[in-house]
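Asks: Have a look at this one before I ask anything.
The values are calculated or read from the model by the stated rules, or taken from the named source; none is laboratory data. Because the structure is predicted, anything quoted here is derived from the model rather than measured. All Cβ positions, glycine included, derive from the backbone under ideal geometry; neighbour counts span all protein chains shown.
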Amino acid sequence: MMKRRNFISAFGTVALAGSAMPALSQYLIPEGQVRLVFNENPYGPSPKAIAEVQKILPLSAYYPDSPYDYPIRDDLFDAIAADNQLKHENLFISSGSNEGLQAALMAYGRMGSVLTPALTYDAHLGYAEALGVSVSRVPLRSDLQVDLDAMEAMVDESVAVVYLANPNNPTGLPIDADRLRAFCRSVGPKALVIVDEAYNELTDNPNRESMVDLVREGENRLVTRTFSKIFGMAGMRVGYGMARSDIIENTFKHIMAWPNGVGLTAAYHSYIDHDFIKFSRDKVQEGRAMVQKTLADVGLTPVPSQTNFVFVDSGREAMTVRRAMADEGVLINAGYDGYPQYLRISMGKLEDLRTFDRVFKRVMART
């Protein structure tokens with residue numbers, strides 16, 4: 001899978017419409033640019049969260065381990081623990097879920113190898129490899145599903161960690177919940193199973209799809225979540241993990257970032273803003289239907305998705321399509337190892353997706 005740090009260089013000297021600013025400026029998106037590339041929620045954060053952040057900003061002069069910030073962390077822990085029938089000792093907060101994933105790989109990956117699907121989210125995997133952790137990758141099945149049978153057969157005393165994203169990124173496919181639970185129970189006595197549930201809240205049945213019930217049962221499991229997706233807080237960097245207390249303690253020893261007081265405030269007020277969560281889910285589903293129609297209009301069949309992005313075989317060299325789209329100011333993703341014809345289109349605001357429809361049809365007609 002193409003790593004995010006390689007994204008800019010992949011464009012080379014492609015000019016983006018409307019501005020001479022850097023193409024991927026984090027907050028100042030150039031005028032005329034449509035960014036459908038990072039699986040963000042452009043409708044966030046929650047308006048209630050933004051209002052509460054305004055109150056906490058004057059305290060940003062102080063380190064977040066001061067008394068000012070711990071109450072909001074505890075409030076967030078209370079809310080997450082109550083929803084998942086856990087205790088505070090079963091939770092950690094990290095700088096996005098990615099830091100939690102990196103910490104877990106450093107804590108457990110040195111005990112053996114890490115086993116993962118070959119096509120999946122991999123920023124933390126590359127980080128661990130750079131620091132000496134061995135990572136083995138298992139090809140997806142022909143239907144793009146994670147091959148749990150092949151992975152299960154490979155788990156022996158040399159494997160310390162199994163990493164799974166559910167739903168998977170970039171395919172958008174959830175793993176069958178019953179099969180995944182059986183896999184976790186079978187593999188758990190041999191290796192820590194990490195289930196990355198970054199997109200859980202966007203699935204058709206979040207409770208059924210989640211493996212948190214196995215955490216409650218004391219299984220050898222770590223479930224991670226993020227505020228970067230449905231909550232629209234990608235720039236604030238807040239994520240969390242749920243696991244048995246000894247797994248939390250061991251993982252947290254490798255967490256590097258201090259708590260983010262502003263991020264924690266936004267996270268708590270976004271987490272309890274159920275109206276905003278429903279609004280975000282509805283917008284993602286509406287946008288996903290628009291993108292799927294655009295693809296169908298040009299004769300493409302997207303992979304069924306339960307996330308805020310769509311994966312599709314373009315029937316041609318995908319990097320060529322991506323560059324042509326970028327020439328017209330629309331950023332999408334491509335460049336996946338072993339899948340040279342596949343594109344991934346993230347959801348944007350509905351007006352952005354209407355622009356995508358016009359530009360994509362134009363590009364596909366000439367490439």
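Asks: Restricting the search to the range 283-302, which residues are surrounded by fewer than 19 Cβ atoms within 10 Å (Cβ to Cβ) and of a type in the set (V, I, T)?
Replies: The answer is V298, T301.
Asks: List the residue pairs whose Cβ atoms are under 8 Å apart, where the first residue sits in the range 338-367 and is over 14 Å from N39 (Cα atoms), the second is of a type in the set (F, W, Y) and at pLDDT 95 or above, and the two are 6 or more positions apart or on different chains.
Replies: Sorted first by the residue in the range 338-367, then by its partner, the pairs are Y342/F311; Y342/Y336.
Asks: If the requirement is being among the hydrophobic types (A, V, I, L, M, F, W, C), out of contact with any Phe, Trp or Tyr (no Cβ under 7 Å at 6 or more places or on another chain) and exposed (fewer than 14 other Cβ atoms within 10 Å of the Cβ), which of these qualifies: A61, A49?
Replies: Details: A49 fails: exposed (fewer than 14 other Cβ atoms within 10 Å of the Cβ).
Being among the hydrophobic types (A, V, I, L, M, F, W, C), out of contact with any Phe, Trp or Tyr (no Cβ under 7 Å at 6 or more places or on another chain) and exposed (fewer than 14 other Cβ atoms within 10 Å of the Cβ) holds for just one of A61, A49, which is A61.
Asks: Let me ask you something else. Kindly evaluate R179 against the criterion of being farther than 23 Å from D122 by Cβ, in a helix (DSSP H, G or I) and either modelled with pLDDT under 95 or among the basic types (K, R) (or both).
Replies: Considered against the rule, which asks whether it is farther than 23 Å from D122 by Cβ, in a helix (DSSP H, G or I) and either modelled with pLDDT under 95 or among the basic types (K, R) (or both), R179 comes out as no.
Asks: If I ask for residues that are within 19 Å of the chain's Cα centre (by Cα) and either part of a loop (DSSP other than H, G, I, E, B) or within 15 Å of M364 (Cβ to Cβ) (or both), which ones from the range 282-309 would you list? Please lay out each step first, then the result.
Replies: Quick first cut of the range 282-309, residues within 19 Å of the chain's Cα centre (by Cα) only: 282-285, 287-288, 303-309.
Across the range 282-309, the qualifying residues are V303, P304, S305, Q306, T307, N308.
Asks: Can you tell me how many residues in the range 127-151 are closer than 15 Å to S186 by Cβ and surrounded by fewer than 16 Cβ atoms within 10 Å (Cβ to Cβ)?
Replies: Here the count works out to 2.
Asks: Restricting to the range 172-202, name every residue that is touching a Ser or Thr at 6+ places or on another chain (Cβ under 8 Å) and polar (S, T, N, Q).
Replies: Answer for the range 172-202, where residues must be touching a Ser or Thr at 6+ places or on another chain (Cβ under 8 Å) and polar (S, T, N, Q): just N200.
Asks: Hey, could you check the range 186-216 for residues that are in contact with a strand residue (DSSP E or B) (Cβ under 7 Å, 6 or more places away or on another chain) and β-branched (V, I, T) and say which is farthest from G109 (Cα to Cα)?
Replies: So the residue we want is V212.
Asks: Test S66 against the criterion of being modelled with pLDDT under 95, more than 21 Å from the chain's Cα centre (by Cα) and either assigned by TED's automatic domain parsing to the domain that holds G261 or in a loop (DSSP other than H, G, I, E, B) (or both), and give yes or no.
Replies: The answer is yes for S66.
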